[in-house]
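Written out below as structure tokens is the structure these notes cover.
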Amino acid sequence: MNILGIETSCDDTAISIITADEGFTILGNTAFSQAALHSKYGGVFPNLAKREHGKNLIPLLRASLSEASMNIANKIPLTNEQKERVEELLSREPELLSLFIEFIENVEKPDIDAIAVTHGPGLEPALWVGVNFAKALGYIWDIQLIPVNHMEGHILSSLYQNGKIDSSKTPILSLLISGGHTELVVMETWLNYKLIGKTLDDALGEAYDKVARMMGLAYPGGPLISKLAEQSREKKEGNPYSLPRPMIHHENCDFSFSGLKTAVLREIDGTEDKEKIAEEFENAVTEVLLTKTKKAIDLTNPKILVVGGGVSANTHIRKELQKLANEERLEFYIPEVSLTGDNAIMIAFAGYYRALQGEYNDDFIANGNLTLYGT
Ligand code: KG4
Ligand code: ZN
């Protein structure tokens, strides 16, 4: 089956086309990062993200279809009834509407069986663009829709290896670390989740971004802090800074990163050594991640440890979690670096497994606070 994936939950607009049968084949994969645009706000500005998604979706869809050899020109004018319905569905996305009509009237319906779209969690105005777009496409092309949880996408893209996803080995413990989330979630049986621990305040990526901002670095700051930390590590000069390891001794598997941010702020006086602060910050968060993940392993007895989300691109965190998995004799899955950030391939993967469970739906809403587990 061919699946179109759509992702607009944050500041990446992404469209993919995959074939799913025995394994997965990626036919088309396109994305546009708005990070540079949001950079001057020091974070993602939701209404700007919404507008940009509206402008980017059609060019990316066109590019994805071309990559999949499915972009076949044909004049197919919409009926008045179709036009009215599309105008209704995209009434809150003016940037998208005119591009949509121009595109759809000039292309043949592609060989796609289902449209998977992120409907949460994320920034609601941004999520709605993708959801409304999916509804308009589904309506015109008569293709079924599958609402997808973005975090499930991250988990599945971590499990994806050599064109396949192994669904046979549960429980799977996932450490999800992104700009909006920090949580330990166990998949007890395939696609059934339970929350084990989560951040009580900032997400890990958010903490990286805020610390970067305090040091005068651009958004997103995670990769920049990580680079400084690596430089300091290579110098092996020792480190005069000492930052707290928040909640490391607490019994539970919850996290807290906002105090750490405040502790960093205290060290910043214009004469600070940015590389060494970055290293100490990264060491502090990594120690906390390792301790809490170890606790969660003892609690859930998983067969597999998965790490997902944008922060899983971090070299030091990847290395240390791999060591932990080895010590615990767990299979370890972490996405290839190109799939750590937000993308639409992961949304198509999740869409496929949800389609297998019959979770087609053409009447759903965007939900910024959507979770993987019941609340
Ligand atoms: O999953 P993601 O792409 O978007 C969300 O769904 O949030 O994660 C983005 C986050 C940002 O906070 C970014 O700074 C962080 O991931 N990040 C990193 C690294 N690469 C991206 N943090 C630490 N080290 C990195 N190498
Ligand atoms: Zn994400």
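FYI, it's all coordinate maths here, none of it is from the lab. Quick caveat, the model's predicted, so the values are computed rather than measured.
Could you tell me how far the Cα centroid of region 321-360 sits from the Cα centroid of region 129-143, in Å?
First find each Cα centre; the distance between them is then 26 Å.
Out of Ile115, Ile104, Ile177, any idea which swings most in a Gaussian network model of the chain, alpha carbons joined below 10 Å?
Ile104
Taking every eigenvalue of the Cα gyration tensor of the chain, multiplying by 5 and rooting it, what semi-axes result, largest first, whole Å?
38, 24, 17
Go ahead and set up a Gaussian network model of the chain, Cα springs under 10 Å, then flag whichever of Ala284, Ala134, Ala31 fluctuates most.
Ala284
For region 12-69 and region 190-253, what is the separation of their C-alpha centers, rounded to whole Å?
One Cα centre to the other: 27 Å.
Just the Kirkwood number for region 1-97, please: inverse of mean 1/r across all distinct Cα pairs, in Å, one decimal.
15.1
Given the Cα atoms of region 278-375, and with Rh set as the inverse mean 1/r over their pairs in the Kirkwood sense, what is Rg to Rh to two decimals?
Rg/Rh: 1.03.
Which residue fluctuates most in the GNM of the chain (Cα springs below 10 Å): His249, His154, His316?
For the chain, modelled as a Gaussian network with Cα springs under 10 Å, the answer is His249.
Once you've got the Cα coordinates, tell me which of Lys169/Lys227; Lys50/Lys83; Lys40/Lys83; Lys198/Lys261; Lys198/Lys323 are over 27 Å apart.
From the list (Lys169/Lys227; Lys50/Lys83; Lys40/Lys83; Lys198/Lys261; Lys198/Lys323), the Cα-Cα distance tops 27 Å for Lys169/Lys227; Lys40/Lys83.
Defining a contact as two alpha carbons under 8 Å apart and six or more residues distant in sequence, what relative contact order in percent does region 1-93 show?
For region 1-93, the relative contact order is 24 percent.
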